[in-house]
Structure formats: C-alpha cells, structure tokens
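The next block holds one structure in the form of structure tokens; read it before the comments.
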C-alpha cells in the first residue's frame, strides 16, 4: 500500500509543481491537461490548459495534484504536507525555498523534539511542516 498526498489547486498546479520540483529536488514525471483528455469536449475551453493530473517523485516518494474545476475548488485546510529531512541545513534550505512568497506560521528552529521544525503555507496556499528529527541521544544545540 502507498499513501500519497494529492493536492488541489485553483488553476496554479503547473506553476506549483514546477516550483516544488525546484525546492524539493524532485522530478515531475507526469502532467496532463484537461484539454489532452477525452473530457476536453465537456470542459470549458478556458480550462483546457489547466492540469487534470500531475505526479512528481521526490526520491522514492510521490506527490500528486490537479487543478480543481472552479466550482469545486476549496482552499486547503485541516492538514499539512509533512517533510521529514535528515540534516538541519537541508531542512532550513527547503523551508526557506517553500516559504518564498508564502506565510510562515512557525519559523524553523530547534525544538525539544527536533533539530529543526517549522510550519508554513506556501504561495499556492498549501500548508507544509518541515521536521528534522532529533536522535534519542541528542541534546539541544
């Protein structure tokens, strides 16, 4: 079984996945527009260039998403995409990259449970948590 986040966007899926690929050193392996599908005839022509399905690999993990039709879009709430990162420096880099033009909810910092932890909502309205676990034997820096 796999458990993969599937993100909904308000017409910005292509820009978001391009941005995420850069921030996360990922590779977009699939991106299909509404206009490229059999649904094109039932889709408004101004929505043909929007993404019906995108898939990106980050290491061996998959992130997926799509543009929601305008009458079905709802902003993300009640969840965060959690990234577990091994090194504090990489956690800080990814946090700073994802925070570009976004809103920092909790600045990335050392906590009692993590070498680094931070929370943000990115420029595409997707909430993220960045966590760099502390080893059981680690002491606060």
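In the range 1-20, what residues are part of a helix (DSSP H, G or I) and touching a strand residue (DSSP E or B) at 6+ places or on another chain (Cβ under 8 Å)?
Of the range 1-20, the ones part of a helix (DSSP H, G or I) are 13-20.
Scanning the range 1-20 gives 13, 14, 16, 17, 18, 20.
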Item checked: Residue tally, condition surrounded by 16 or more Cβ atoms within 10 Å (Cβ to Cβ) and over 21 Å from residue 22 (Cβ atoms), over the range 89-116 -> 2
Notebook entry, point to check: Yes or no: residue 117 within 27 Å of residue 9 (Cβ to Cβ), part of a strand (DSSP E or B) and modelled with pLDDT of 95 or more?
Noted result: yes
Item checked: Qualifying positions in the range 21-38 - more than 20 Å from residue 80 (Cα to Cα) and touching a strand residue (DSSP E or B) at 6+ places or on another chain (Cβ under 7 Å) -> 27, 28, 29, 30, 31, 32, 33, 34, 37
Check: Within the range 64-88, can you find the residues that are assigned to a loop (DSSP other than H, G, I, E, B), surrounded by 15 or more Cβ atoms within 10 Å (Cβ to Cβ) and under 12 Å from the mean Cα position of the chain (by Cα)?
Finding: 76, 80
Note to self: Taking the conditions exactly as written (closer than 20 Å to residue 21 by Cβ, surrounded by 12 or more Cβ atoms within 10 Å (Cβ to Cβ) and out of contact with any helix residue (DSSP H, G or I) (no Cβ under 8 Å at 6 or more places or on another chain)), does residue 61 satisfy them or not?
What the structure shows: yes
Note to self: It is to be established whether one or more residues within the range 43-58 are in contact with a helix residue (DSSP H, G or I) (Cβ under 6 Å, 6 or more places away or on another chain) and not assigned by TED's automatic domain parsing to the domain that holds residue 25.
What the structure shows: no
Check: What are the residues in the range 13-58 that are exposed (fewer than 15 other Cβ atoms within 10 Å of the Cβ) and closer than 19 Å to residue 2 by Cα, if any?
Finding: 27, 29, 30
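The values are calculated or read from the model by the stated rules, or taken from the named source; none is laboratory data. Note that this is a predicted model, so its numbers are computed, not measured. Note: ideal-geometry Cβ built from the backbone for every residue, glycine included; neighbour counts use all protein chains shown.
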